[in-house]
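Please read the structure below before turning to the comments.
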Amino acid sequence: GPDKAEIFPSNISSVVQNGNLDQDVRCTADCWPACTAEWYRGAITQENILPSIDGTLKLTNLIKSDAGVYICKVTNTKNFRKSQAQGNFTLDIIYGPDVVVINPPVVDPVIEGKGEVPVVCTADCFPPCHITWYKDDILVNSNEGVIDLMAVSERGGGVYVCLATNKQTNAISRKSIKIPVMCKFKVLNPTIPEKIYRVLSISI
């Protein structure tokens with residue numbers, strides 16, 4: 001041997017960041033004399049080797065950077081060919097939303113119907129968070145976290161709140177931004193230009 005490397009338990013796939021996981025993962029192989037087993041994350045290089053005892057890897061206090069492919073390599077060191085076999089599993093870390101970002105972070109007064117730069121809300125999550133926008137506790141139409149300022153009317157000025165929800169953990173984070181809107185209107189006095197703009201006064 002080894003003919004193959006076997007990993008127990010075989011159903012590890014995802015865990016919650018900083019959850020109460022305390023899991024031993026064993027790697028074994030049918031060898032004589034007994035094979036040595038080593039664990040790696042990402043690739044079989046010296047830099048990626050993980051501490052283990054007799055082929056047992058301990059998973060505890062995991063954070064999002066611990067996600068990836070875990071590889072077990074078993075080697076028959078007594079065999080003159082130093083025969084090897086490998087097994088692996090992929091571990092996903094469920095986390096977030098850790099950071100909610102609105103871009104641009106500040107919006108200059110928008111002329112009604114002429115907002116050119118969209119407002120985008122993103123969050124650092126796994127799996128990807130569900131993004132929604134609200135104004136005055138009312139859901140705002142958005143496309144994957146993007147508000148189209150072209151569609152914002154003069155009454156649409158105010159404070160918008162982005163909610164990022166991780167549907168796996170029900171964790172929620174939020175961030176707000178003020179979007180001032182300028183309206184255009186006609187005046188009857190011919191001595192004044194046909195179209196002028198005024199900034200709506202928005203109370204928050």
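Some observations on this one:
- Low-density loop positions, GluC sites (Glu not before Pro), the range 24-121 - DSSP coil, at most 14 other Cβ in 10 Å: E116
- With one equal scatterer per alpha carbon and no solvent term, the Debye-computed log10 I(q)/I(0) for the range 62-130 at 0.15, 0.18, 0.21, 0.27 1/Å reads -0.73, -0.83, -0.93, -1.12.
- In order along the range 84-94, the phi-based Karplus estimate (6.51 cos²θ - 1.76 cosθ + 1.60, θ = phi - 60°) of 3J(HN,Hα) comes to 9, 8, 9, x, 8, 8, 9, 10, 9, 10, 8 Hz; Gly and Pro are listed as x.
- Computed log10 I(q)/I(0) for the range 1-91 at 0.16, 0.17 Å⁻¹: -0.62, -0.69, from the Debye equation with unit scatterers placed on every C-alpha and solvent omitted.
- Remark: the D136-K4 segment gains 41.5 nm on full extension, using 0.36 nm per residue and subtracting the alpha carbon distance.
- FRET efficiency, 1/(1 + (r/R0)^6) with R0 25 Å, evaluated for M150 and D66 via beta carbons: 0.05
A short reminder: the numbers here are calculations on the coordinates, not readings from a lab. Because the structure is a prediction, the values reported are computed rather than measured. Every residue, glycine among them, receives a Cβ derived from its backbone with ideal geometry; neighbour counts consider all protein chains shown.
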